[in-house]
Each structure stands twice: as structure tokens, then as C-alpha cells.
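Structure first, then comments.
Derivation of every value follows stated rules applied to the coordinates shown; laboratory data play no part. Note that the structure is a prediction, hence the values are computed from the model and not measured. Here the Cβ positions follow ideal geometry from the backbone for every residue, glycine too, while neighbour counts run over all protein chains shown.
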Amino acid sequence: MRPARALIDLDALRSNYRLARELGGGKAVAVIKADAYGHGAVRCARALQAEADAFGVACIEEALELRAAGITGPILLLEGFFDASELPLIVQHDLWFAVGAPWQVEAVAAFQTTATLNVWLKLDSGMHRLGLWPDEFRAAHATLSALAHVGPMVLMTHMARADELDSPRTREQADVFAATIDGLAGQTSLCNSPALLGWPDVRSDWVRPGLMLYGINPMPAHTALTGRLRPVMSMRSKIFAVRDIAVGEPVGYGARFVAQRPTRVGVVALGYADGYPQFAPNGTPVRIDDQPGIVIGRVSMDMLTVDLTHLPQAGIGSTVTLWGDAPRIEALAPLCGVSAYQLPCGVKRVVREYVDV
């Protein structure tokens, strides 16, 4: 059996959730959209179900997968509904949902139900992606508050640049939010992972940890707080072939690596079809039997190559860690010209193994 594995540490997941909740000082939506950022939404939800205040998903399909798997806690549709025809399913499965467009407000107002809808009313405070303009927001709040089938609302927005500590945008957005909701009834939800880790004076009743839930630092530098994050995913495989090449000989497609010395090459059963960056440069760090190592040559679809010259004890069957405790995803991603969000979300074909201690 192919040895490529993604080990998922569920105890680390819970630890990171507790940190987010501690920093927020209130309740926390565990964001497990996109199959929990590649970590497996159902297993992650089960691991958190006893303590998570709610789960956040992108769409109703993701929510229904969780309900089918026996997840009974609150589930928030972060993008709301895409068509009014979804509202009966929302009621049937007791889902919470965001409202961030005038047509959604109209659809909720026109919907006939005896159930009480849990609406998260979204303000565009400056990201300009989803959300109502401030004047629309106050009007929508008045409209929805007057409906018998809408319960107490959560007032929310989303921070666009909270991972940039030198940008004034986060404080500007927080100020727009505060001014817009002044006098309106409802709990609040502003903070994503970067806001929780980098902006201690920006807080809300509900927080929405995403990337930090998986132990990945969304900030440009490490701090005492980010040092408390525990990586949840460890991507590993094994060496299944060894080659000895002479000076001047290339390795892999395009001859991007050419040996400057006699070189011992290990071939690892993992490639870009598994989610590893195709254009990881020569010298990208890995761990080989828990010793420092590097990638050499272009990453192929199903395999990649590493330098074993300095590791005479390593060979066929040696374990190669592509990311995890070392190297960390947030350190690896910029070397490869990708985002730390992209790497775990792109994992596929690799068997996920769950560890829960």
C-alpha cells in the first residue's frame, strides 16, 4: 500500500479551539468548511462536538454531510443560502445562516414558516466581498427584527487585513461596524484567526477561528500566542527507491537540479497530485527520519526526490515528513509561492489517519 499519509492530531485540534475561545472571551464558531481545510470535516466535528459552541461551513451541502454523520450541534452557513429554495432544508436541519445581500433579506421576509430562524446579519465594513452596506444593514435589521419567524440576530462582519499589523484597515473596519450597529439589538461576531491573534482590542461575542484551529499561524511573524498553536496535520511518506548520481547529472523533469558532487538521491512516494507544491524549490526543507533534509529536483505528480548524501543511515523505508511540527506549513508555504491556507486545502489522495490521545 502506498505509504503517503496525513496524520491528524485531534487533541491538537481541541487545544487550538480552546485557545481561540480563550482569546475571544466568549463563544467560538469552529470553522470546518472545505472539509475542515483538508483535515476531514466529519472527524474534526466529532472531535470537537462536546465543546464547540457551533460549527461554520460554507454551504448547505457541507452542513448536510455533518448532519448525516450525526453532528447535532449548531451549524452556521457562512455564505448563507444561494437560493430561497434552500430555506426549507435550513429549517428541516436546524441550521443557522448568514444574510449578506438584499435579495436574501427579501427571501427571508417572504418565507412562510412556524420555525424560528437563526440569522447572522452581515455588514460590509470594508472588505467589499459579501455583506450589506451600512444603510442597508440597519434597514435589514429593522425588517428582520419585525418578523415573527426570525429570532435574535447575531451581527457580523469580516476582517480583510487583520494579518497586517501595520495596516489601519482592521481598526477602520471595527469602527465602521461599531457605528453601524449602535443601538441595534444582537450579539456580535467580528474576529477571524488573525484578529484573535493580532488585535487584542478587537473583540466580539462570537469569534470564528479558521486557520488557527488547525495549528497554522496566519500572522507574518511568530509571537508568544502563535507559539501556543499546535499543528494538527503531519504530511508523511516513505522513501521507496535510492539512486546514486555522479557530478553533473540531473534529477527529475527539466534538470532543475544538477549534482555538484556525488549525490545520493531518495525517491519519496508523494507528489503534487497529493497536494505538495509542484514548484517547491531546490532546498525546500523536509525531515528524513526526523533529521533535517531537503527536496531536490522538480516535484512530480506522484513522487519527489530528496538529498540523502549527508544521511548515510537513511534509505528505503525511511520516513519523510513534508510538513507538520517541522517544517511548519506557514514556513513552507512562502518558500513555494503559495498560501498557508492553500496547502492543507489541496491535500487529496493521501490516506488520513487520526490520532486522538
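Arrange the following residues from fewest to most other Cβ atoms within 10 Å of their Cβ: VAL207, VAL232. Don't skip to the answer; put the middle values down first.
Working: VAL207 25, VAL232 29.
Lowest to highest Cβ neighbour count: VAL207, VAL232.
Would you report the distance distribution of C-alpha pairs in the stretch 233-327 as whole percents per 10 angstrom bin, up to the bin with the largest distance?
With a bin width of 10 Å, the distribution comes to 18, 56, 25, 1.
Pull out a ≥ b ≥ c, the square roots of the eigenvalues of the alpha-carbon gyration tensor of the stretch 10-216, then state rounded if a/c is under 1.5, prolate if not and a/b is larger than b/c, and oblate in the remaining case.
Details: a/c = 1.91, a/b = 1.07, b/c = 1.78.
Here the stretch 10-216 falls in the oblate category.
By how many nm would the segment from LYS348 to PHE82 lengthen if fully extended, with 0.36 nm per residue of separation less the alpha-carbon distance? Show your work: numbers first, answer last.
Working: separation 266, 0.36 × 266 = 95.76 nm, distance 2.69 nm.
Using 0.36 nm per residue and subtracting the Cα-Cα distance, I get 93.1 nm.
Give the calculated FRET efficiency between GLU106 and ALA34 to the nearest 0.05, with a Förster radius of 35 Å applied to their Cβ-Cβ distance. Please list the in-between numbers first.
Working: r = 29 Å, r/R0 = 0.83.
My answer for the efficiency is 0.75.
Among LEU13, LEU311, LEU196, determine the one that fluctuates most according to a GNM of the chain built with springs between C-alpha atoms less than 10 Å apart.
Of LEU13, LEU311, LEU196, the Gaussian network model singles out LEU311 as fluctuating most.
So what is the 222 nm mean residue ellipticity for the chain from helices alone, if each DSSP H run of at least 4 adds -39500 (n - 2.57) and you divide by all residues, rounding to the nearest 500 deg cm²/dmol?
Details: 11 runs with 94 residues, N = 357.
Mean residue ellipticity at 222 nm (helix-derived): -7500 deg cm²/dmol.
Expressed as a whole percent, how much of the Cα-Cα distance distribution for the stretch 55-108 exceeds 12 Å? Please list the in-between numbers first.
On the way: 857 of 1431 pairs.
So the portion of pairs separated by more than 12 Å is 60 percent.
Debye sum, Cα scatterers, the chain, no solvent: what log₁₀ I/I(0) at q = 0.06, 0.09, 0.13, 0.15 1/Å?
With no solvent term, the Cα-only Debye profile gives -0.27, -0.57, -0.99, -1.19.
Please state the relative contact order of the chain as a whole percent: Cα pairs under 8 Å, 6+ residues apart?
Normalised by residue count, the contact order of the chain is 19 percent.
According to a simple spin-label model (label point 7 Å from Cα along Cα-to-Cβ), what is the distance in nm between ALA148 and ARG228?
Those two pseudo-labels are separated by 4.7 nm.
Please compute the modelled spin-label separation between ASP290 and GLU172, points set 7 Å along Cα→Cβ, answer in nm with one decimal.
Each label point lies 7 Å from its Cα, and together they span 5.0 nm.
If each residue of separation counts as 0.36 nm, what is the full-extension length gain between GLN278 and ASP182 once their alpha-carbon separation is subtracted? It would help to have the intermediate numbers written out before the result.
Values: separation 96, 0.36 × 96 = 34.56 nm, distance 4.93 nm.
In short, 29.6 nm is gained.
For the stretch 233-327, what's the relative contact order in percent, using C-alpha pairs closer than 8 Å and at least 6 residues apart? Walk me through the numbers on the way to the answer.
Working: 250 pairs, mean separation 33.9, N = 95.
For the stretch 233-327, the relative contact order is 36 percent.
If you rank LEU64, LEU190 by fewest surrounding Cβ atoms within 10 Å, what's the result? The partial results should precede the final answer.
Working: LEU64 16, LEU190 28.
Ranked by crowding around the Cβ, least crowded first: LEU64, LEU190.
According to the Kirkwood expression over distinct Cα-Cα pairs, how big is the hydrodynamic radius of the stretch 82-169, in Å? Don't skip to the end; give the middle numbers.
Values: mean 1/r = 0.0723 Å⁻¹.
Evaluated on the stretch 82-169, it is 13.8 Å.
Pulled fully out, how much extra length does the chain show between ILE316 and SER339, if you take 0.36 nm times their separation in residues and subtract their Cα-Cα distance? Write down the numbers at each step before the final one.
On the way: separation 23, 0.36 × 23 = 8.28 nm, distance 3.16 nm.
Once the chain is fully extended between ILE316 and SER339, it gains 5.1 nm.
Can you give the convex hull volume per residue for the Cα atoms of the stretch 1-112, as a whole number of Å³? List each step's numbers first, then the result.
Working: hull volume 14.7 nm³, N = 112.
Considering the Cα atoms of the stretch 1-112, their hull volume per residue is 131 Å³.
Could you list ARG236, ARG256 in order of exposure, starting from the residue whose Cβ has the fewest other Cβ atoms within 10 Å? Present the calculation step by step, with values, prior to reporting the outcome.
Values: ARG236 22, ARG256 15.
Ascending number of Cβ neighbours within 10 Å: ARG256, ARG236.
Which FRET efficiency, nearest 0.05, do VAL91 and ARG161 yield, Cβ-Cβ r, R0 30 Å?
Working: r = 36 Å, r/R0 = 1.21.
Taking R0 as 30 Å, the efficiency between VAL91 and ARG161 is 0.25.
In percent, how large is the relative contact order of the stretch 10-216, given Cα pairs closer than 8 Å and 6 or more residues apart?
22
Can you give me the orientation-averaged projected area of the convex hull built on the Cα atoms of the stretch 1-46, in nm²? Please list the in-between numbers first.
Details: hull surface 15.8 nm².
Result: 3.9 nm².
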